[in-house]
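Participant: If you scroll down you'll find the structure; I have some questions about it.
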Amino acid sequence: MKLDCKHVWEHISEYIDNSVDAKLREEIERHLEHCEICAAILDSTRNILVLTADDRTFELPIGYSERLHERLAKEMESSEKDSEKE
Amino acid sequence: MQASAANEIGLIARILAGEKELFHELIRPYERMVYLTLFSIVKNETEAEDGAQEAVISAYRHLSSFRGEAKFSTWLTTIAINEGRKRLRKAKGAAEESIDEQIEGQEGEYTPAPLTDWREIPLEALERKELREALRVAVAELPDIYRQVFTLRDLEELNIEETAEALGITTGAVKVRLHRARILLQKRLVPFLKTMAPARRSFFGRAR
């Protein structure tokens, strides 16, 4: 069976996640060899995922970690006092 | 690097046995994840940070109810999601709507945009600040149900099953939403990527 572009697009996410079966995978790969448009779509989608996983893309507020651990330390202190009272 | 599961279970046991201070160490690899989960729901930095603190405190207080059937990261993510949803409900007041009640939309919207020049975009383009900014905006503008799945799966790198468990939806729903989220982002970023692509070399230019 020969795949058309639309069919490839429907499976692009699963293809990236490596969760298509072997037969479909082979068909997609055969299609990608000669279809520049689908190959570019696959590349661009993959690159977006690479960029997403890059820690610089989604940054945490400055001082977030310090404030979190400070708050946690206070919580530990107060729970200690509570257990002493019991 | 996240602690190995065995290591983590050991840590949890020691914390529960009284070495409370070790909770700092337990939570450290997941701080980023907790914040990003909250942010994907409340979409506001201050709210996300407050919520992240609440979620971590809640995990600390309820650590004894962690039974180890799920991974610690999934358990913690579930707490973070609940905290985020609670804040969202509070913000929306009486006009509360369930996150899962949103309409899934038409299939036609989820067709990727062609970009034949992509292969010519130098890898350095991915380093550009503007592209990262564009991606942040695009993710923020995704419909809620897609953004949450995308955040857990592609940003926090949970697997399909863990994502489904944390959000309380089926793995099938995770796959559909993830696919749509990725396609929507691809579509949104294509015009931006095109401006970065160098002009196509002419046939003669290439022959030199």
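The values are calculated or read from the model by the stated rules, or taken from the named source; none is laboratory data. Only a predicted model underlies this, so the values are computations on that prediction, with no experimental measurement involved. With ideal geometry, Cβ positions are generated from the backbone for all residues, glycine too; neighbour counts draw on all protein chains shown.
Participant: Could you check the range B:3-60 for helices (runs of 4 or more DSSP H) lying wholly inside it with 1 or more residues that are farther than 22 Å from B:T163 by Cβ? Let's see the steps before the verdict.
Facilitator: Details: elements: B:5-16, B:22-27, B:31-42.
Hits in the range B:3-60: B:5-16, B:22-27.
Participant: Among the numbered criteria (1) over 21 Å from the mean Cα position of the chain (by Cα); (2) at the interface with chain A (Cβ under 10 Å from one of its Cβ atoms), which single criterion is violated by B:R14?
Facilitator: With respect to (1) over 21 Å from the mean Cα position of the chain (by Cα); (2) at the interface with chain A (Cβ under 10 Å from one of its Cβ atoms), B:R14 is out only on (2).
Participant: I'm told A:I62 meets every condition in (1) surrounded by 15 or more Cβ atoms within 10 Å (Cβ to Cβ); (2) closer than 30 Å to B:H24 by Cβ; (3) more than 9 Å from chain B (Cβ to nearest Cβ) except one. Can you identify the failing condition by its number?
Facilitator: Evaluating A:I62 over (1) surrounded by 15 or more Cβ atoms within 10 Å (Cβ to Cβ); (2) closer than 30 Å to B:H24 by Cβ; (3) more than 9 Å from chain B (Cβ to nearest Cβ) leaves (1) as the failure.
Participant: Could you check chain A for helices (runs of 4 or more DSSP H) lying wholly inside it with 1 or more residues that are over 15 Å from the mean Cα position of the chain (by Cα)?
Facilitator: A:5-10, A:22-34, A:36-53, A:64-85
Participant: While we're here: Out of B:T37, B:T46, B:T78, report the one residue that is at the interface with chain A (Cβ under 10 Å from one of its Cβ atoms) and out of contact with any strand residue (DSSP E or B) (no Cβ under 8 Å at 6 or more places or on another chain).
Facilitator: On the way: B:T37 fails: at the interface with chain A (Cβ under 10 Å from one of its Cβ atoms); B:T78 fails: at the interface with chain A (Cβ under 10 Å from one of its Cβ atoms).
From the options B:T37, B:T46, B:T78, the qualifying one is B:T46.
Participant: Give all pairs with beta carbons closer than 9 Å in which a residue from the range B:123-140 that is over 13 Å from A:E59 (Cβ atoms) meets a residue that is in a helix (DSSP H, G or I) and modelled with pLDDT under 70; count only pairs at least 6 apart in sequence or on separate chains.
Facilitator: So the pair list comes out as B:A125/B:M196; B:R128/B:M196; B:E130/B:M196; B:L131/B:A125; B:L131/B:M196.
Participant: Looking at the range A:31-43, is at least one residue under 30 Å from B:E54 (Cα atoms) and modelled with pLDDT under 95? Show your work before the answer.
Facilitator: Going through the range A:31-43, the residues under 30 Å from B:E54 (Cα atoms) turn out to be none.
No: zero hits.
Participant: Separate question: If you go through the range B:37-79 one residue at a time, how many are under 21 Å from B:K20 (Cβ atoms) and of a type in the set (A, V, I, L, M)?
Facilitator: The first filter runs over the range B:37-79 and keeps only residues under 21 Å from B:K20 (Cβ atoms), leaving B:52-68, B:72-73, B:75-76, B:79.
Now drop any that are not of a type in the set (A, V, I, L, M), which leaves B:52, B:55-57, B:59, B:63, B:76, B:79.
Total meeting the criteria: 8.
Participant: Another question, if that's okay. Filter the range B:17-34 for residues that are at the interface with chain A (Cβ under 10 Å from one of its Cβ atoms) and aliphatic (A, V, I, L, M) and give the result.
Facilitator: Across the range B:17-34, the qualifying residues are B:I27, B:V34.
Participant: Right, something else. Within the range B:14-55, which residues are within 23 Å of A:A53 (Cα to Cα) and β-branched (V, I, T)?
Facilitator: Passing the criteria: B:I27, B:V34, B:T37, B:I41, B:V42, B:T46.
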